[in-house]
Each structure stands twice: as C-alpha cells, then as structure tokens.
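What follows is a set of notes on a single structure, which appears directly below.
The values are calculated or read from the model by the stated rules, or taken from the named source; none is laboratory data. Bear in mind the structure is a predicted one, so any value in this text is a computation, not a measurement. Here the Cβ is made from the backbone with ideal geometry for all residues, glycine too, and neighbour counts use every protein chain on show.
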Amino acid sequence: MGLTKGSIEHNIRQHFSDAQVSTATHRKLVNSLLHIHEEQAERGLEEEIEFIKEFLRNIFKILPLKKKEPTADRIIKFCAHYIQHIQDKIKKSEKYKQNEDELEETIASRLVRSLFDHLLPGLESKDKYVRLRICQIITLVINCMEEIDDDLFQLLKKALEKRLRDKEPSIRVQAVIAASRFQNSEEDVNRDSIKKIFLHLIQHDSNAEVRRSVILNLEKNVETLPFIIERARDTDSINRRTIFSRTLPEMGDFRQLSIGKREKILRWGLKDRNDQVKKAAAKMFSTIWIEHVNNNLLELLERLDVINSKIAEDAMSSFFSMRIDVVKTITFDDDFWENITPESAFLVRCWNDFCIKERYTHLLEEKIPEISQLALYIEKILENFENSTDENKQELEFILEQILLTIKTTDFSDEMGRKKIFNILQNNIPNFIFSENLITHMVEIFQKIVSDERTYVKLLMEIILDLYDSLDIRTNKNKDDKEDTKSEDSFVSAVSSQDNAASYISIDSIIKRETEETSENHKTLIIFRCLHLTQVMLENIEKNFQNNFEFIEILHNLIIPSVRSHNAPIREKGLRCLGLYCLLDKKLAKENLVLFCHCLVKGHDSLKIEAIKIMTDIFMCYKYDIFDDSSTDLHSIQLLYEQILQTTSNLDIMATAVEAVAKLMLTSFFDDPKLLKTLIILYFHPETASNLHLRQILAYFIPAYCYSLPKNQFCLQKIFVPALHKLSQIFENLDDNEYISFSQIALQMMDWIDPKKLINCGTLKSQSQLPPSQETKANEDIYLYLARDICTQIAESYSKEKRTLCSLLNKLHITYATDEELAHSIQEIINTLLEENTLDTFTKNSLNKFSNSLYKIHKN
C-alpha cells in the first residue's frame, strides 16, 4: 500500500529538515527522497504532481532568508544535488538507454520544468533576498543540466538578462554564473546579448565581486581576450590576482598572445603594488609559461623579445626567485658561449645578477668563466661587428652589453683577463659604431679596472683629447677664436633659436647614417662622442681636478665651445658637461650661474629642462655659498622658478620645474611661501590633471613637506586662504564634474597643517625644558592664525566661497589658545561681520557657532 498524502508531506518535510542541518547527510537523503519520488510517479501523474508541489513548497520556505543564512545555502545545495542525482540515475536506466531518442519527458524533466515555472516569476520580486535565492537555485540547477528545451531556454535567458542589471551586486554575481551557459547561443545579434552585457559589466560594474564573476565565467576567445587582459589593471587586488592565478593559465599556450600583450601582462603583474598579485604573476611565468615551451628557458626568452623588452629583467628575477632548482642546475658550457645569442647572453647576465643578490658565490665561481675567457668571447663579437648588417649589429651590441654587465660585477682578480679587458676597452671606447649606452658601460668598467681615480681621469682624458684632435682643430683655431669672442648677442640668438631645437637628433640616429654623412656631420659626431665620454667621466668622479692641464683643456676647447654651438644636441650636451664640471668646482659654478639662468629664460624647451636640472643640483650641492660674490641672489632665483611654473605651457618643463622646487623646499633651500602657493594651485588645477608626473611629484612632496617641520606647516597656513581664493576663481566657470569640490580641497589643506601629524611630534613636545621658539608657538596656534585669515577673507568673498569658509571654521581643531590677543582679534572680526548685516542665515549661524566655541576656549 502506497503512502498517504499526509505521510508524503511529512516525509518530504523531514528530508528537507534533515538536509538543512548538515551537507554530510545529503547523499543518504537524496537516495531516500528519490525512492519516494519514484514510488509516487509509478502510482500516477497526480501523485507525482503532489510530490512536486510538496518539494517546491519546502524550497520556497528558504527564499526570504538573508544572504548569509547557512540553512538556506544547504537546502539549495540539497535541491541541486537531488536534481543531479535523479538525472544521473535515469540515464543509467535500461529504459532510457533503449528509448533515449523517444523519451521526451522524465520525472527529472517534469520536476525541473515545474521548479523553473514557479521560480522565474519570483525574479521580479521586490524582496532582494527572494531574487538572490532564486538566482542561486537557478545557477546550481542549470550547472547540473546537460540540455535545456528551447522554450525554457528562452525564458531563462530573458529572465537572467534582467538580473544581470539588478541593483544588488550579490544578485548580479549569481546571474553572471547562471547566464554564462548562454554565451554561445546568441540568436539575435542586434539585441543586447549575454556576452555584450558581460563585457559591459567587466569594464564598468562598480562592484569588484561582479567583475570577478565575469572574469571567471566569460568565454575566452579572440573577442573577449583584450577585456580580460585589461582586468590585470583592475582596482581590486583580488581581481588582479585572479587574472594571473586562474584566468590566464586557463587560456592555454601564452604564445597565442602577441609580444605586446605578453609584455603588458608581465609588466602589470610583476610591477603591481600588491605582493600577492606579484607572486601570482611570477608563479604564472615561472611554472605555467615555462611548461608551454617544454621547460626551455631560451625559447621562453625568445618569446619576450629581450632586446626591446622593458620587463624581461624583472621577469627573469622573479623566475629565479621562484625556481631555485633551475638556478642551481643551469649550466653555461663552452658550446653555450661559442654560439651565444641575445637570449642566452641575457640569461647568463640575469642569472649572474641574481646569484650576486642572493650571495650564491660558489655557483658564480663554478659556472661563470674567467675574465680572460670572457675577453676572448668579446673579441670574437667585435670581429663580427664591422661586417654585420644593421639588424645583426643590434643583436651583437646587445650581446656585448650583457657580457659587459656580467664582467662589471666581477672582482678582476684574473690579472691576464684584466689586462685584456683593459686593452679592449681602451681601443673601443672611441669607436663610433657603438651606442651611448654601450660606451657608458665600457667607461664604467674602465674605471673599475683603473681603481685610482686620478689615473682613470688621465687615461680617459687622453682618449677624449686624441679623439678631439682628430678633427684637426688646430688648423681652424684662429677662426674658432674669433667665433668664441663674439658678443653675447650671438650666443643669445643661438640659445633661443627654436629652429635649432627642432633639429635635435640622438647619437644613435647619427650612427645609423654615418656612411652617408658629410664631413660637417662627422665632426658633429666626434664632438658629441667626446662630450658623452666627458659626461660619463664627470659623473663617476668625486675629486676636483681643476689644476689638471687636460681638464682645463677639455673645459676650454670642448665644453665651452659646445655650449656656444648653434647645434642643439651639441649645445645641450655641452651644457650638461658644464653643469657636471660645476659640481666639482664651486668657483666655476659661481661664474656660470648667470649662464644657466640665461638658458632657462631664453633657451628652447629641452635646454630649459637641462638648465633646471643643473641649477637644482648646484643649489643642492653648495647651498647658499653659491651666492657669495655673485651677481645673483636667492630672491631672484626664487622669482625665476616661480615665473617658470606660472608661465610655461610645456608639460615636461613644468614637471621638471615642480620636481626641482620640491627638492629645494624639502631641503629648506627655498622658503618663499609664494612658491608653495604656486605648487598647491598646480596640484589642484584642472589643467594639470593629465600631467601624471607632476601630480605624482606633488602628491608625495606636499604631505612630506608639511609634516616634516613646524615652520613648513606655518608656511602653508600663510598661503592657505589666498590659495583657496585663487582656486575658487579658477573653478568658478567650470562644470562641477571638471574639478574636485572646493570643500574637499579645503579639508585636504587643513589636514596638511594638522600639528598632530608632524613627524616626531611627541619628541618636540617632550623638549619642554627648552624655551619655545616663535615658530613653535605659532605652530601651536596654527588653527587660530588660520581662523583669523578665514574670517578676514569672508568679508571679501562671494556667497559660495563664504559658505565654504564658514563651514571650514567650525572644523578647525582648536582646544586652547596660547595667544589671547590673537583670539580676541578674531572675535572682533566676527563681531564686525555680524554687525554689517550682509550675511545669509547659514553664514551667520556658522560665525556665531564658532564665536561661541572660541569664547568657551578663551574663558577656560
């Protein structure tokens, strides 16, 4: 005899009651419930429908439950488990195998259809928990179904498209998982397809979990790949980590990506600010990508284009950090060196750097050849250099650079090898076929071999002078002397020539055209190389060789004529060398300070940038001593920098000038509040929003400056109100979405003058046995001084600015007043403002409130 209706309801209810307690009993409960289901189905369709109704009734009980209710989650899992089990059992039955094509309905299909028919209308419910639970059920049930009939498919697709736009992020997450099954079945390309909605969500959804859900469920193909890779720059660190730990590895062979995409992926991952993201990117590169190339490191490097790559070095460093086994087992035999390629040279250099960093000295001694052997390999490369094509020359130069970088880290204990390298460098440093970068490495190794600085300078100057003498300058000396004695007007015209600025060419571009150069251009090439060697030499010495004859000869015959040259690159290089020379000789720096100022005012853009850098270095080096016996003083220099900041439209000049002023203010060389005001305005000015370099500099400088010394906060207090007023005038004619709100700027500036945030604030207070200086006292009352300035400005401001200033008054953290006279003067200003009767209600109330609070503080 079958079960009665009451007993069926009781049994099903008991199954669900047990299922909500623990998932451990789900398998047993599923088998038991299926037995009841089959028994009812055998009795007839009506009995089966009764079972389905009771089944659904128990599911509906959990729909209103909140998101983190575990009993609801267990019931949903039980429901999905049951449907999965019933489908699996039907497929294994003999009846199904014999009539697979004929069977249209089964107890599973009828249950699923009834379930969706009753659930789908609930997706329009106003209760967010009901919508969430229904989405969860649909997600789990869909994932355990192999096929869905067309009618149900369309109903589900339409319902889920709406939920993908639900206002609740948790519902959108579940809708994404469920809708992922519909990505490959788009029928109407003109409507918003699931894929299009996914692409919109992955880019624009404000919730990180929704974007992550799309990242994990979006179909990976050529169309969606750029959107997925873009998420490596997601604002959420978990999403960024997911890209490297799951999404990219799941996409298969990385070689299907273009070199540009590989470069971006590695750069974004390995340079990420989050350590977990870095680790995920490093693991992907060192385990997944290397497997795609059959653990062949050289092939992996070939896929990165190491010659032009900007991230390959970081990638290899992370690789060796993750794969110490490779570090210890890698070998560099004779065949490796005889057939060296850009990739293998890069590999050995990165391995060498890693071993030095991690102090694997025994591995270096075991695997890196002696310097004498490396010298032979260099000679072989140099022999092939002359007769190579431009492309091969680029590869050979890269190989040579990597070997030189490896040699630079050795101790040169091999005497024979040291002499060989010395001779190679001495013969090739003047060679025009090599780029500036390679020559720089050569000179640095040359300096390391010749450990005595005086000998190093002497030998290098001999090379420079021999190279310069090859111009046969002596025959044209009279002519050059005449040009040197021309009036300053000719120099001014040369400096200010904008046409010459446009003629700037790099040394590398000169080298490429050497075979077709005229004698004049060849002369330019030689001078440029001499200047570059001089620059590298000056950058690597510390002593002053002003009494050295060769030094003086280079200064007067090479550097000074180059500064006066009409050729833009020569002039800039000469100015840089002169600036470096001035860092070694204070007297020379004093003599040429006016010249650098002149270049800053009259020069073309790149010359101005060079002049700013040189002058800043000189001020950092000599401080105020530079103005002794000089026609220039500190005030005029500050005005000059301020003028550059206010008038230049060139973004690079502005960023360079801002960086220079920031350095000089941090070292207290500049102390003009006007300069600080200019920097504050530039930081918040809408037109500098695109100048990320400038914004980054100021984002570090301003808080560092204000929190370092009490006098710096007092300096900001002085220009607080004038800067705000200037910004209000700038923002007056702009749309609200074009700038930060005025009140936000005011609050940020107020935070910068907070005395509590001073570095070593506690230490300053503990030194109470010392008599307080004027600046310390001023800093204690800094908010009082600011309140006085604000109250004074209120009388002259328009209504919007008044409201902001008044609201700011009541946010000032004033707990006591050491300066009673100052507090009394503020009260008088407020009383005067209130008596004028020109203020609106809000302003009056704000002033009265502040006045009362100040009175209480003063009274206490």
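Figures for the structure shown
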item: Test: residue in the stretch 146-161 that is among the acidic types (D, E), crowded, with 16+ Cβ neighbours inside 10 Å, modelled with pLDDT of 90 or more and closer than 27 Å to R74 by Cβ; result: no
item: Residue list for the stretch 246-270, filter: within 19 Å of L300 (Cβ to Cβ) and basic (K, R); result: R255, K261, R262, K264, R267
item: Any helices (runs of 4 or more DSSP H) falling wholly within the stretch 285-350 and containing at least 1 residues that are farther than 23 Å from D253 by Cβ; result: 312-322, 324-329, 334-338
item: Residue under evaluation K543, criteria (1) surrounded by fewer than 21 Cβ atoms within 10 Å (Cβ to Cβ); (2) among the basic types (K, R); (3) within 26 Å of F670 (Cα to Cα), criterion not met; result: (3)
item: Selection status of F684, in contact with a helix residue (DSSP H, G or I) (Cβ under 6 Å, 6 or more places away or on another chain), surrounded by fewer than 22 Cβ atoms within 10 Å (Cβ to Cβ), modelled with pLDDT of 90 or more and of a type outside the set (K, R); result: no
item: Tally, over the stretch 114-154, of residues that are within 23 Å of K91 (Cβ to Cβ) and either in contact with a Pro (Cβ under 9 Å, 6 or more places away or on another chain) or not in a loop (DSSP other than H, G, I, E, B) (or both); result: 14
item: Which listed residue is over 23 Å from C355 (Cβ atoms) and either outside any helix (DSSP H, G or I) or out of contact with any strand residue (DSSP E or B) (no Cβ under 8 Å at 6 or more places or on another chain) (or both), from L465, L404; result: L465
item: Restricting the stretch 701-718 to residues that are under 29 Å from the mean Cα position of the chain (by Cα) and of a type in the set (F, W, Y), the residue that is farthest from D751 (Cα to Cα); result: F701
item: Residue that is closer than 27 Å to F153 by Cβ and surrounded by 19 or more Cβ atoms within 10 Å (Cβ to Cβ), where the choices are Q174, Q183; result: Q174
item: Residue list for the stretch 798-836, filter: out of contact with any Lys or Arg (no Cβ under 9 Å at 6 or more places or on another chain), polar (S, T, N, Q) and under 27 Å from Q729 (Cβ atoms); result: S799, T804, S807, T832
item: Answer from E9, E46 - the residue that is over 60 Å from the mean Cα position of the chain (by Cα) and either free of Cβ contacts under 8 Å to residues at least 12 places away in the same chain or not assigned by TED's automatic domain parsing to the domain that holds H85 (or both); result: E46
item: Candidates R262, R267 - the one that is in contact with a Leu (Cβ under 7 Å, 6 or more places away or on another chain) and closer than 22 Å to V306 by Cα; result: R262
item: Residue in the stretch 236-258 that is assigned to a loop (DSSP other than H, G, I, E, B) and at positive phi present; result: yes
item: Of all residues making up the stretch 253-262, the number that are in contact with a helix residue (DSSP H, G or I) (Cβ under 8 Å, 6 or more places away or on another chain) and surrounded by fewer than 19 Cβ atoms within 10 Å (Cβ to Cβ); result: 4
item: Breaking point among (1) at positive phi; (2) modelled with pLDDT of 90 or more, for K28; result: (1)
item: Of residues in the stretch 20-62 being in a helix (DSSP H, G or I) and among the β-branched types (V, I, T), the one nearest to I134 (Cα to Cα); result: I59
item: Residue identified as surrounded by fewer than 21 Cβ atoms within 10 Å (Cβ to Cβ), in contact (Cβ under 8 Å) with a residue 12 or more places away in the chain and farther than 16 Å from L694 by Cα among D629, D633; result: D629
item: All positions within the stretch 115-134 that are within 16 Å of I83 (Cα to Cα) and under 42 Å from the mean Cα position of the chain (by Cα); result: I134
item: Complete set of residues in the stretch 206-235 that are outside any helix (DSSP H, G or I) and among the acidic types (D, E); result: E219, E223, D234
item: Elements of type helices (runs of 4 or more DSSP H) in the stretch 490-599, at least 3 residues being charged (D, E, K, R) and at pLDDT 90 or above; result: 568-582
item: Test set (1) modelled with pLDDT of 90 or more; (2) not in a helix (DSSP H, G or I) - R13 fails condition number; result: (2)
item: So L698, is it of a type outside the set (V, I, T), within 27 Å of the chain's Cα centre (by Cα), under 28 Å from L634 (Cβ atoms) and part of a helix (DSSP H, G or I); result: yes
item: Helices (runs of 4 or more DSSP H) completely within the stretch 602-686 that count 1 or more residues being farther than 21 Å from I702 by Cα and under 31 Å from the mean Cα position of the chain (by Cα); result: 605-622, 634-647
item: Residue tally, condition of a type in the set (G, A, S) and either under 17 Å from S317 (Cα atoms) or touching a strand residue (DSSP E or B) at 6+ places or on another chain (Cβ under 9 Å) (or both), over the stretch 254-281; result: 3
